[in-house]
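Peer 1: First the structure, then my questions, so here it is.
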Amino acid sequence: MDAIQEAIKRVPHYTCFMTLEELNRSTLHLAEEYPDQVEVFKAGVSREGKEILALKIGEGRNVALLFGCPHPNEPVGTLMLEYLARRLVEDEELREELDYTWLIVKVADPDGLKLNEGWLKGPFTILNYAKNYYRPAGNKQVEWTFPIEYKSLKFDEPLPETRALMKLIDGWKPDFIYSLHNAGFGGVYYYISEKAPLLYPIYSKIVEDEDLPLSLGEPEVPWAVQLSPAVYYMVSTPEYYDYLEKYSDKDPAEVIRTGTDSYDYARRVNPGVLELVTEVPYFYNPRIEDDSPTEIERRRAVLDSLQDSWKHYNYVRRVYEEVRGKLRLKSRFRESIEYYLAVTPDSLRAKERWARTDPSLERPATVAEVFDNYQVSRFYRLLTLGLLYRMLKEEVRAGAGDLIKERYEEVGSKLEEEATELEKELEYRVIPLDKLVRIQLAAGLYTALYVQVKNTYRRT
């Protein structure tokens, strides 16, 4: 494992993210430098016709597929893949230690990454992030438009970007998939597609070594199954369906409206595949790993957060309804807002039913859970406000009338006001990017080694 440890140690210092053009230029340059070791090919094209470039490095027995920006507001993985690709080429010992054919897609959603370029170079503040944030509608996300047939749910409208990943999965049947996501605020947490107790202490140690917190507050979704502190079983659409079947009064297919994820698709192609997601945040506060009890019941904290989510939803709906008849553009931001307005009520109702009936909430909330419900949740609501702001901004640029201009100014003021209040309340720290890259790299390399050992025993 010396080569793995050395690779982690040598991660350079990063001060900002790379743009799509910078990443693509670097990919092509690496292939020009090392034509005997690197193959670059077009994996597919985006909705807007941009090339999705892939790298093939190595000729190992095992196959790894790694892709960045399945959600385009989550570019930490692009830096990790940028570093790893060159490291694999230049470090023969690492290639020998990890017996893999590596398939690397630095940017799975090039259109979306372009729309996030306003914050990629900083400043790294909550306000700048929210004002320049873009995340596609749920049914237009690379990670959640893989085809699925499960009970009453049938979805077969994969995006062009998703089809590019499907083609790689179908053709190569990877043993290990690393979908490079990252969180916005909180602590570090993991999703893994199978029980792997040997890896859990490694995941914790990786975070501890960087002096960062694990995310010990509320799980990202209520149906997540915890395997170890801050380690969850991979959340896929079938599990979401089963949760809605229990807590929603609607057919889950009417609520979900998306496809499934890369793991759920890949396990049909190769039942032995292991997939990992390492969620690392841009901003954090140490309270996110404080598991000491408070005087607030967890159920109360969750319900209070839900009440705030309803208020936020109603505000966004009110503004949208006021301007809807005067909107001229079918922008990506409008697409995201319309999807949010369509799916949020059923999602909140199901979560409320879960919160009122699940006995696991009948205990004192921890400091981390209180922080998650009352502060971190406000951060994520701010991002929806950012999408609304950008939708109105596009309309103003296109010559919108007075009403849209007024709502644009209103939403902009509200965005700045809430971000200012939140900046004080969160008392957050901005995490150096090289720490985030090292965590994602270390988790990925040790998991790849785990899969390799597992496959060796399986083959003998």
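Peer 1: Please work out which one of (1) buried (at least 17 other Cβ atoms within 10 Å of the Cβ); (2) free of Cβ contacts under 8 Å to residues at least 60 places away in the same chain is the condition ASP372 fails and give its number.
Peer 2: (2)
Peer 1: Which pairs turn up if I take residues in the stretch 124-141 that are under 19 Å from PHE379 (Cβ atoms) and not assigned by TED's automatic domain parsing to the domain that holds ARG334 and look for partners that are acidic (Asp, Glu) and in a helix (DSSP H, G or I) with beta carbon separation below 8 Å, at least 6 apart in sequence or on another chain?
Peer 2: Pairs found: THR125/GLU423; ILE126/GLU423; LEU127/GLU416; LEU127/GLU423; ASN132/GLU117.
Peer 1: Then there's this: Among the residues of the stretch 285-301, is there at least one that is small (Gly, Ala, Ser), under 22 Å from PRO147 (Cβ atoms), out of contact with any Cys (no Cβ under 9 Å at 6 or more places or on another chain) and at pLDDT 95 or above?
Peer 2: So far as the stretch 285-301 goes, no, none of its residues is small (Gly, Ala, Ser), under 22 Å from PRO147 (Cβ atoms), out of contact with any Cys (no Cβ under 9 Å at 6 or more places or on another chain) and at pLDDT 95 or above.
Peer 1: Please find, within the stretch 147-183, the residue that is nearest to the chain's Cα centre (by Cα) out of those that are basic (Lys, Arg) and in a loop (DSSP other than H, G, I, E, B).
Peer 2: That would be LYS173.
Peer 1: Within the stretch 172-182, does at least one residue satisfy the condition of being surrounded by fewer than 23 Cβ atoms within 10 Å (Cβ to Cβ) and among the aliphatic types (A, V, I, L, M)?
Peer 2: no
Peer 1: In addition: For the stretch 200-226, enumerate the residues that are out of contact with any Asp or Glu (no Cβ under 6 Å at 6 or more places or on another chain) and closer than 25 Å to TYR374 by Cα. Let's see the steps before the verdict.
Peer 2: Let us first name the residues in the stretch 200-226 that are out of contact with any Asp or Glu (no Cβ under 6 Å at 6 or more places or on another chain), namely 200-212, 215, 219-222, 224-226.
Selection gives VAL207, ASP211, LEU212, SER215, PRO219, GLU220, VAL221, PRO222, ALA224, VAL225, GLN226.
Peer 1: Do the conditions hold for TYR190, that is, is it crowded, with 20+ Cβ neighbours inside 10 Å and touching a residue at least 60 places away in the same chain (Cβ under 8 Å)?
Peer 2: Here the answer is yes, as TYR190 does meet what is asked.
Peer 1: Hey, does the stretch 292-307 have a residue that's assigned to a helix (DSSP H, G or I), within 29 Å of GLU245 (Cα to Cα) and among the polar types (S, T, N, Q)?
Peer 2: yes
Peer 1: I'd like the residue in the stretch 247-285 that is part of a helix (DSSP H, G or I), in contact (Cβ under 8 Å) with a residue 12 or more places away in the chain and of a type in the set (D, E, K, R) and, out of all such residues, is surrounded by the fewest Cβ atoms within 10 Å (Cβ to Cβ). Let's see the steps before the verdict.
Peer 2: Taking the stretch 247-285 and keeping what is part of a helix (DSSP H, G or I), we get 247, 252-256, 262-269.
Filter once more, so that each one left must be in contact (Cβ under 8 Å) with a residue 12 or more places away in the chain: 247, 252-256, 262-267, 269.
When the remaining residues are screened for being of a type in the set (D, E, K, R), the result is 254, 264, 267.
Values: GLU254: 13, ASP264: 22, ARG267: 19.
So, considering only residues that are part of a helix (DSSP H, G or I), in contact (Cβ under 8 Å) with a residue 12 or more places away in the chain and of a type in the set (D, E, K, R), the one surrounded by the fewest Cβ atoms within 10 Å (Cβ to Cβ) is GLU254.
Peer 1: Could you pull out the residue among LEU212, LEU227, LEU244 that is assigned to a loop (DSSP other than H, G, I, E, B) and outside the structural domain of ASP346 (by TED's automatic domain parsing)?
Peer 2: The match here is LEU212.
Peer 1: Quick one: in the stretch 325-337, of everything that is surrounded by 15 or more Cβ atoms within 10 Å (Cβ to Cβ) and charged (D, E, K, R), which residue is farthest from LYS311 (Cα to Cα)?
Peer 2: Only one residue fits best here, namely ARG332.
Peer 1: Considering only the stretch 197-209, how many residues are in a loop (DSSP other than H, G, I, E, B) and either free of Cβ contacts under 8 Å to residues at least 40 places away in the same chain or surrounded by fewer than 21 Cβ atoms within 10 Å (Cβ to Cβ) (or both)? Break it down into steps so the answer makes sense when it comes.
Peer 2: Applying the first criterion (in a loop (DSSP other than H, G, I, E, B)) to the stretch 197-209 yields 197-199.
Now drop any that are not either free of Cβ contacts under 8 Å to residues at least 40 places away in the same chain or surrounded by fewer than 21 Cβ atoms within 10 Å (Cβ to Cβ) (or both), which leaves 197-198.
Number satisfying all stated conditions: 2.
Peer 1: Which residues, counting only those in the stretch 194-220, are touching a strand residue (DSSP E or B) at 6+ places or on another chain (Cβ under 6 Å) and β-branched (Val, Ile, Thr)?
Peer 2: The one that is touching a strand residue (DSSP E or B) at 6+ places or on another chain (Cβ under 6 Å) and β-branched (Val, Ile, Thr): VAL207.
Peer 1: Among the helices (runs of 4 or more DSSP H) confined wholly to the stretch 314-403, which include 3 or more residues that are closer than 30 Å to ASP109 by Cα?
Peer 2: 332-357, 377-397
Peer 1: Which members of the stretch 10-42 meet the condition of being free of Cβ contacts under 8 Å to residues at least 24 places away in the same chain, of a type in the set (Lys, Arg) and out of contact with any Asp or Glu (no Cβ under 6 Å at 6 or more places or on another chain)?
Peer 2: Of everything in the stretch 10-42, just one residue is free of Cβ contacts under 8 Å to residues at least 24 places away in the same chain, of a type in the set (Lys, Arg) and out of contact with any Asp or Glu (no Cβ under 6 Å at 6 or more places or on another chain), namely ARG25.
Peer 1: Next question, about the same structure. Go through the stretch 289-332 and report how many residues are more than 13 Å from GLU369 (Cβ to Cβ) and of a type in the set (Asp, Glu).
Peer 2: Qualifying residue count, the stretch 289-332: 3.
Peer 1: Further question: Going through the stretch 184-193 one residue at a time, which ones are part of a loop (DSSP other than H, G, I, E, B) and touching a strand residue (DSSP E or B) at 6+ places or on another chain (Cβ under 6 Å)?
Peer 2: Correct list: GLY187, SER193.
Peer 1: Hey, among the residues in the stretch 36-79 that are over 25 Å from PHE333 (Cα atoms) and β-branched (Val, Ile, Thr), which one's surrounded by the fewest Cβ atoms within 10 Å (Cβ to Cβ)?
Peer 2: Step one: of the stretch 36-79, the residues over 25 Å from PHE333 (Cα atoms) are 36-43, 53-66, 79.
With the extra rule that they be β-branched (Val, Ile, Thr), the set shrinks to 38, 40, 57, 63.
On the way: VAL38: 23, VAL40: 18, ILE57: 24, VAL63: 22.
The qualifying residue surrounded by the fewest Cβ atoms within 10 Å (Cβ to Cβ) is VAL40.
The values are calculated or read from the model by the stated rules, or taken from the named source; none is laboratory data. Quick caveat: nothing in here was measured; it's all calculated off a predicted structure. Heads up, the Cβs are rebuilt from the backbone with ideal geometry, glycines too, and the neighbour counts pull from every protein chain shown.
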